[in-house]
1. Return a whole-number percent for the relative contact order of the stretch 4-177, with Cα pairs under 8 Å and 6 or more residues apart as the contact set.
2. Using only Cα atoms, tell me the angle between helix 129-150 and the longest principal axis of the chain; keep it within 0 to 90° and round to the nearest 10.
3. Rounded to the nearest 10 degrees, what's the angle between the helix 9-34 long axis and the longest principal axis of the chain, both from Cα atoms, 0 to 90?
4. Counting pairwise Cα distances across the chain, what percent come out greater than 30 angstrom?
5. Using alpha-carbon positions, what is the distance between the centroids of the stretch 106-154 and the stretch 155-178, in Å?
6. Is it possible to state the helix-based mean residue ellipticity at 222 nm for the chain, with each DSSP H run of 4+ residues giving -39500 (n - 2.57), the sum divided by total residues, to the nearest 500 deg cm²/dmol? What is it?
7. Please build a GNM for the chain, connecting alpha carbons under 10 Å apart, and tell me which residue among 111, 69, 128 fluctuates the most.
8. Taking springs between alpha-carbon atoms closer than 10 angstrom, which of 41, 159, 148 fluctuates most in the Gaussian network model of the chain?
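Since every read-out is calculated from the coordinates, none of them should be taken as a lab result. Here the structure is a predicted model, which means the values were calculated and not measured. Backbone-built Cβ (ideal geometry, glycine too); neighbour counts: all protein chains shown.
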């Protein structure tokens, strides 16, 4: 097992970027399949600010996720002792992502406390499939980054996630070209 002091900024940022991009894509694809997002996007409260499902920018969404992965990775590096030196550091990471990144946003995002107070989006719409998607994605991000950072000798994991990362980017590009 690797201790936090041995972890580098580049290593944590790279692993977080790869894992975030892959888990974002998988969570989004599964949620799209199981939560009928097309119908949700047709709801009057969502169709005024959410892009349509066939919008090229929405389809390019996974291509922008490495940027978010880098940002998460920098924060994970700064908190590496709290996350990677603790037996349940993945749980701490997940709770921080959920509490600060989802429930306690500074703006009135759907699925947040501010969203409940300042938007007209019904509770069920705010905390339905989209919340399940983001909570699950944050959980898988936390578990995978935690495990991969602490077990760098697991080369198979590096290969699987690297291939998945490039497949996500390639599929997004192919989707845009059609």
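1. Across the stretch 4-177, relative contact order equals 35 percent.
2. Computed tilt is about 10 degrees.
3. 30
4. 22
5. Here the two parts' Cα centres lie 22 Å apart.
6. That comes out to -21500 deg cm²/dmol.
7. With Cα springs under 10 Å in the chain, the top fluctuation among 111, 69, 128 is at 128.
8. Ranking 41, 159, 148 by mean-square fluctuation puts 159 first.
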